[in-house]
Amino acid sequence: SQSPATSYNGWSVSEVWVGELRVLAAEGKATHDRLVYLMMEKFHLRTHLSALKKFLLLGQGDFVAVLMDALREELNKPASELHRHSLEGIVDGALRNSNAQYELPEVLERLGVKLLLAQQDIGWEIFSLDYKVEAPLTSVITKASMVIYRQVFHLLWRLKRADMLLGGTWRLHMMSAKMQMAKRLPRLSATLHDANLVRNRMWHLFQNLSNYMMFEVLEESWTMLESKLDSAKDLDDLIAAHEDYLQTVKSKALLSAEL
């Protein structure tokens with residue numbers, strides 16, 4: 001028969017250890033499952049990640065259009081003349097006048113304005129939307145990840161502004177055509193024609209770049225993130241999924257330091 005050192009109530013020591021490890025594994029899995037459930041269902045991680053995509057990555061198109069139009073006069077001012085509370089009021093107005101108003105209150109109340117410190121620039125260069133994140137969401141949406149969101153925001157914001165300026169130039173060209181400016185000032189005819197060709201080429205470039213960013217970069221990366229969130233087994237999986245998502249966006253947007 002087995003000695004007490006090698007048996008316990010008829011079970012070998014190895015069998016006892018295997019049994020205890022299985023219990024610990026089951027308890028560990030239950031803990032991880034509970035953590036993932038709380039992050040996704042109680043703290044609404046997916047909802048806040050979606051909000052970051054809509055607002056900081058400019059995915060909410062109608063809101064962005066209303067916002068840029070409303071901010072035009074303020075952001076044309078020198079940076080030193082801007083006031084955060086005034087800009088936040090304009091952002092609130094853009095939310096009310098777009099489909100973004102139907103977002104959950106806990107999402108809308110987190111949206112704000114962040115201004116960079118460079119005082120020599122005009123408002124367009126220092127303006128950024130901001131999104132407040134608190135614990136335990138900060139375990140996934142870290143300060144480092146918010147830096148990347150803002151980097152991508154500034155790239156997309158400049159693309160949107162360029163598109164807006166080109167649209168304004170197109171309207172001026174249409175006005176000059178209606179006023180028959182080329183006939184009234186024949187010497188300007190060739191210049192106006194060349195300017196229109198350049199504007200068309202620039203518009204085509206920015207449209208292609210914007211479409212690439214919105215669909216091939218942001219939408220594809222978001223689809224991959226959602227898939228990883230659905231299959232996450234623990235908090236580490238959630239963190240890794242979000243980090244991979246942001247690094248993919250940053251790399252495809254040509255914002256990586258290696259490029």
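Some observations on this one:
- Whichever aspartates and glutamates have a C-alpha closer than 15 Å to that of Lys42, once near sequence neighbours (fewer than 8 apart) are set aside: Asp33, Glu106, Glu134
- Efficiency of FRET from Cβ geometry, Thr138 and His193, R₀ 51 Å, rounded to 0.05: 0.35
- Database remark: amide H of Lys114 closer than 5 angstrom to the amide H of Ser128, Leu129, Asp130 (H placed geometrically; neighbours at sequence offset of 5 or more, or on other chains; Pro and chain starts carry no H).
- Contact order normalised by residue count of segment 33-167, Cα under 8 Å, 6+ apart, percent: 29 percent
- Loop-located trypsin sites (Lys or Arg not before Pro) in segment 93-150, at most 12 other Cβ atoms within 10 Å (DSSP): Lys132
Each value in this text was obtained by applying a stated rule to the coordinates, not by laboratory testing. Being a predicted model, the structure only gives us computed values, none of them experimental. Here the Cβ is made from the backbone with ideal geometry for all residues, glycine too, and neighbour counts use every protein chain on show.
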